[in-house]
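Engineer: I'd like to ask some things about the structure below.
The values are calculated or read from the model by the stated rules, or taken from the named source; none is laboratory data. Please read all numbers here as calculations on a predicted model, not as lab measurements. Here Cβ is always computed from backbone atoms with ideal geometry, including for glycine, and neighbour counts include all displayed protein chains. Remember, those area values only see protein heavy atoms, side chains included, never the ligands or the DNA or RNA. Shrake-Rupley method; radii C 1.70, N 1.55, O 1.52, S 1.80 Å.
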Amino acid sequence: MPNTNKKLVPEARAALDRFKMEAASEVGVSLKQGYNGDLTARQAGSVGGQMVKKMIQQVEQGMAGK
């Protein structure tokens, strides 16, 4: 299966990394730069869930004209 996990805008990598670190700190998960394979599935899921929650919130605010 081909790798489809490519960034549409490669220049956005730094902003996405900052976004991920911010989401992790909000749910109390300590991330380090680079590999974070020592995280539990629960921790990784909570970071991903927080990221999605924040993205949905930003889109909703944009749609509401804020």
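Engineer: I'm trying to understand the selection: among the residues of the stretch 27-38, which are open to solvent by 70 Å² or more (accessible area, probe 1.4 Å) and under 19 Å from ARG13 (Cβ atoms)?
Structural biologist: Residues satisfying the conditions are LYS32, GLN33, TYR35.
Engineer: What pairs come up if the first residue lies in the stretch 10-21 and is more than 14 Å from LYS54 (Cβ to Cβ), the second is of a type in the set (S, T, N, Q), and their beta carbons are under 9 Å apart, counting only those six or more places apart or on different chains?
Structural biologist: ASP17/GLN33
Engineer: Looking only at residues in the stretch 39-65 that are in contact with a helix residue (DSSP H, G or I) (Cβ under 9 Å, 6 or more places away or on another chain) and more than 11 Å from ALA23 (Cα to Cα), which one is most open to solvent (accessible area, probe 1.4 Å)?
Structural biologist: GLN43
Residues are listed down the side, and each one gets a yes or a no for (1) modelled with pLDDT of 95 or more; (2) aromatic (Phe, Trp, Tyr); (3) in contact with a Ser or Thr (Cβ under 9 Å, 6 or more places away or on another chain):
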site	(1), (2), (3)
PRO10	no, no, no
ARG13	no, no, no
LYS20	no, no, no
LEU31	no, no, yes
GLY37	no, no, no
GLY45	yes, no, no
GLN58	no, no, no
ALA64	no, no, no
